[in-house]
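Engineer: Pasting a structure below so you can have a look.
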Amino acid sequence: TQIPIDHNNASAGTYQNRFWVSDEFYQPGNPIFVYDTGESDGGSIAQSYLTSTLSFFREFLIEFNAMGIAWEHRYYGNSTPAPVSYESPPETWQYLTTKQALADLPYFASNFSREKYPDVDLTPQGTPWIMVGGSYAGIRAALTRKEYPETIFAAFSSSSPVEAQVNMSAYYDQVYRGMVASGWTNCSADIHAALEYIDDQLSDEDTATSIKQLFFGSGAETNSNGDFTAALTAIYGYFQSYGMAGGIGGLGAFCEYLEIDPKTNGTTGPDGLAPTYGGQYVAERWAAWPTFLELVNLNMGTNCGPQDASQPIDCDFSKPYGDPAAITWTWQYCSEWGFFQANNDGPHSLASRYQSVEYQQEVCNRQFPDAVDKGLLPPSPRADDVNQEFGGWTIRPSNVYFSGGEFDPWRSLSILSTEDFAPQGVEFTSAIPACGVQTNEDTVFGYVMQNSEHCFDFQATPTVGKLSRGIFTSALLQWLECFGQDSS
């Protein structure tokens, strides 16, 4: 479908935006559910959400005899006004803002029809549109209902960090809490001790070379301390999606490997290895984790080691992103949202002190050097402006259900945050508010899933996810009764 490149200026032209439709279960008069594919190439996931028997979204379509639409975000996949690559001129990005992107779906919805149903008004005037999204797409679901209540009748916003913030060091506080709750206090203490040793080694040029080579072999020493220690965070890569699970590359697997006492061959006690064997021992054991090199090379697109002996060594962690979706998302967080996962300084820190806000900003500037030179990328993400414009975690749009995982790192900036820098005294309730009625500021219609992480209610298996989806469907059944009355 054709969408204006600039919703404020028709002369900028239009671009093609992709969407996918399933009317397999649709009966006229029933709702349209929109799944927002967020910061990804929609083509890779749309069909599975609409048609897979494991899809929670398809379950909604069955339950409500609804039509399903998967919507691709501007600048992702094939929905791009201009080609996306590292070489894209900085002017390319001027129409990639939260505000422009929020206007796309309402524009599309107001003209939506299907040849198969010529007599059915499928626009939001005649059919309730329900928006579903998780993570960044969850922010969009909540904000589209807030900004365009005449388009989106209700929304399910899962694990959505609606508060923009430059320094998101609380990401690692949540990882720490999840580790402790799973019985891995020893592992968190040892990671902390190893990083103290590593940081100490990095403060001197000679020892910095050897610690970098210890982990990644020849060529690793050319990386800055920031880039080297960024690679170390690969151990947390699967945590937000799987908690301490995540298979052989997961944090649980790493901790099981790390916490073996060499004297007893049994698991260490709650204090870990470092008090007995020292931080150096733990760092060396970490570097020898058989899965680690593979994990980092996969993450960084490198060939440290070399892991693949038939290819030349490539251990440069400073390379900008080449994947179009990664480039686009980097622009979004560098220009607006922030979300810099800096080290959570203090006794529970799980990253190096070189993982600073300044380092994260350097990554932004490196990805878009021309945009920095031309003043098109701000010197720091405009997080305060975003919160001022859209409301951050004070938003209370009616007909929206918020969910989150207890240990999800992104919960720290969500409406369900309990961090000490979040609004205090807010009650999370699963009591369904009346249709079209906003809750007051100290109440959120939402649910925190115990022992869960990111978007666990968008996965088919966790029981707690079914519970969360059940709260939403119960609410929606009530709210739908008032569709067509004034519900904005």
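The values are calculated or read from the model by the stated rules, or taken from the named source; none is laboratory data. Keep in mind that this is a model prediction, so the values were computed, not measured. Here the Cβ positions follow ideal geometry from the backbone for every residue, glycine too, while neighbour counts run over all protein chains shown.
Engineer: Does residue 68 fit the bill of being touching a residue at least 60 places away in the same chain (Cβ under 8 Å) and assigned by TED's automatic domain parsing to the domain that holds residue 140?
Structural biologist: Numbers: touching a residue at least 60 places away in the same chain (Cβ under 8 Å): no; assigned by TED's automatic domain parsing to the domain that holds residue 140: yes.
No: the conditions fail for residue 68.
Engineer: Could you give every pair whose Cβ atoms fall below 8 Å, whose first residue belongs to the stretch 148-163 and is more than 17 Å from residue 387 (Cα to Cα), and whose second residue is modelled with pLDDT of 95 or more and acidic (Asp, Glu), counting only separations of at least 6 or pairs across chains?
Structural biologist: From the stretch 148-163, the pairs are 158/457; 159/408.
Engineer: Is there a residue in the stretch 374-392 that is under 29 Å from residue 317 (Cα atoms), out of contact with any Cys (no Cβ under 8 Å at 6 or more places or on another chain), of a type outside the set (D, E, K, R) and at pLDDT below 95?
Structural biologist: The answer is yes, given that some residue of the stretch 374-392 is under 29 Å from residue 317 (Cα atoms), out of contact with any Cys (no Cβ under 8 Å at 6 or more places or on another chain), of a type outside the set (D, E, K, R) and at pLDDT below 95.
Engineer: Among the residues of the stretch 328-351, is there at least one that is without any contact (Cβ under 8 Å) to a residue 40 or more places away in the chain and surrounded by 15 or more Cβ atoms within 10 Å (Cβ to Cβ)?
Structural biologist: yes
Engineer: Inspect the stretch 469-484 for any residue being surrounded by 15 or more Cβ atoms within 10 Å (Cβ to Cβ), modelled with pLDDT of 95 or more and either in contact with a helix residue (DSSP H, G or I) (Cβ under 6 Å, 6 or more places away or on another chain) or closer than 25 Å to residue 172 by Cα (or both) and give the result as yes or no.
Structural biologist: yes
Engineer: A further question follows. Exactly one of these conditions fails for residue 91: (1) surrounded by fewer than 19 Cβ atoms within 10 Å (Cβ to Cβ); (2) over 23 Å from residue 371 (Cβ atoms). Give me its number.
Structural biologist: Of the numbered conditions (1) surrounded by fewer than 19 Cβ atoms within 10 Å (Cβ to Cβ); (2) over 23 Å from residue 371 (Cβ atoms), the odd one out for residue 91 is (2).
Engineer: May I ask you to verify whether residue 407 is at pLDDT 95 or above, assigned to a loop (DSSP other than H, G, I, E, B) and within 16 Å of the chain's Cα centre (by Cα)?
Structural biologist: yes
Engineer: Something else about it: Those residues that are in a loop (DSSP other than H, G, I, E, B), touching an Asp or Glu at 6+ places or on another chain (Cβ under 9 Å) and aliphatic (A, V, I, L, M), I need them from the stretch 436-488; list them, please.
Structural biologist: 460, the sole residue that qualifies.
Engineer: How many residues, within the stretch 256-266, are closer than 24 Å to residue 246 by Cα and in contact (Cβ under 8 Å) with a residue 12 or more places away in the chain?
Structural biologist: 4
Engineer: Then there is this: Among (1) more than 30 Å from residue 484 (Cα to Cα); (2) in contact with a helix residue (DSSP H, G or I) (Cβ under 7 Å, 6 or more places away or on another chain); (3) surrounded by fewer than 18 Cβ atoms within 10 Å (Cβ to Cβ), where does residue 441 come up short?
Structural biologist: Tallying (1) more than 30 Å from residue 484 (Cα to Cα); (2) in contact with a helix residue (DSSP H, G or I) (Cβ under 7 Å, 6 or more places away or on another chain); (3) surrounded by fewer than 18 Cβ atoms within 10 Å (Cβ to Cβ), residue 441 fails exactly one: (1).
Engineer: Next up: Output the residues belonging to the stretch 453-467 that are under 14 Å from residue 243 (Cβ atoms) and within 14 Å of the chain's Cα centre (by Cα).
Structural biologist: 453, 454, 455, 456
Yes/no matrix, rows are residues, columns are (1) in contact with a helix residue (DSSP H, G or I) (Cβ under 6 Å, 6 or more places away or on another chain); (2) of a type in the set (A, V, I, L, M):
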| position | (1), (2) |
| --- | --- |
| 240 | yes, no |
| 246 | no, no |
| 270 | yes, no |
| 288 | no, yes |
| 296 | yes, yes |
| 302 | no, no |
| 307 | yes, no |
| 314 | no, no |
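Engineer: Follow-up question, since we're still on this one. Name the single residue, out of those in the stretch 341-397 being outside any helix (DSSP H, G or I), in contact with a Ser or Thr (Cβ under 9 Å, 6 or more places away or on another chain) and of a type in the set (S, T, N, Q), that is nearest to residue 195 (Cα to Cα).
Structural biologist: The selected residue is 352.
Engineer: Please list, ordered by residue number, the strands (runs of 3 or more DSSP E) wholly in the stretch 1-65 having 1 or more residues that are touching a residue at least 12 places away in the same chain (Cβ under 8 Å) and under 24 Å from the mean Cα position of the chain (by Cα).
Structural biologist: So the answer is 19-22, 32-36.
Engineer: Looking at (1) at pLDDT below 95; (2) under 30 Å from residue 332 (Cα atoms); (3) of a type outside the set (Phe, Trp, Tyr), which one does residue 205 not meet, given that it meets all the others?
Structural biologist: The number of the failed condition is (2).
Engineer: Another one. Are any residues in the stretch 77-117 among the polar types (S, T, N, Q), within 13 Å of residue 328 (Cα to Cα) and not in a helix (DSSP H, G or I), and if so, which ones?
Structural biologist: Selection gives 78, 79, 80, 85, 88, 97.
Engineer: Let me ask another. Among 169, 159, which is the only one that is touching a Cys at 6+ places or on another chain (Cβ under 8 Å) and of a type in the set (Ser, Thr, Tyr)?
Structural biologist: Working: 169 fails: touching a Cys at 6+ places or on another chain (Cβ under 8 Å).
Exactly one residue qualifies, and that residue is 159.
Engineer: Sticking with this structure for a sec: Does any residue of the stretch 262-269 turn out to be within 22 Å of the chain's Cα centre (by Cα) and at negative phi?
Structural biologist: Within the stretch 262-269, not a single residue is within 22 Å of the chain's Cα centre (by Cα) and at negative phi.
Engineer: Based on what the data block shows, is residue 321 closer than 30 Å to residue 184 by Cα and either aromatic (Phe, Trp, Tyr) or surrounded by fewer than 17 Cβ atoms within 10 Å (Cβ to Cβ) (or both)?
Structural biologist: The answer is no for residue 321.
Engineer: One residue is enough: does the stretch 152-160 have a residue meeting the conditions in the same structural domain as residue 35 (by TED's automatic domain parsing), out of contact with any Ser or Thr (no Cβ under 8 Å at 6 or more places or on another chain) and not aromatic (Phe, Trp, Tyr)?
Structural biologist: Yes, some residue in the stretch 152-160 is in the same structural domain as residue 35 (by TED's automatic domain parsing), out of contact with any Ser or Thr (no Cβ under 8 Å at 6 or more places or on another chain) and not aromatic (Phe, Trp, Tyr).
Engineer: Scanning for something at pLDDT 95 or above and under 29 Å from residue 165 (Cβ atoms), does the stretch 303-316 turn up at least one residue?
Structural biologist: No, because not a single residue in the stretch 303-316 is at pLDDT 95 or above and under 29 Å from residue 165 (Cβ atoms).
Engineer: Might you let me know whether the stretch 301-321 holds any residue that is under 20 Å from residue 381 (Cβ atoms), assigned to a loop (DSSP other than H, G, I, E, B), among the polar types (S, T, N, Q) and touching a Phe, Trp or Tyr at 6+ places or on another chain (Cβ under 9 Å)? Lay out the reasoning, then the answer.
Structural biologist: Of all residues in the stretch 301-321, those under 20 Å from residue 381 (Cβ atoms) come to 320-321.
From what is left, the residues that are assigned to a loop (DSSP other than H, G, I, E, B) are 320-321.
Checking which are among the polar types (S, T, N, Q) leaves us with none.
No, that holds for no residue.
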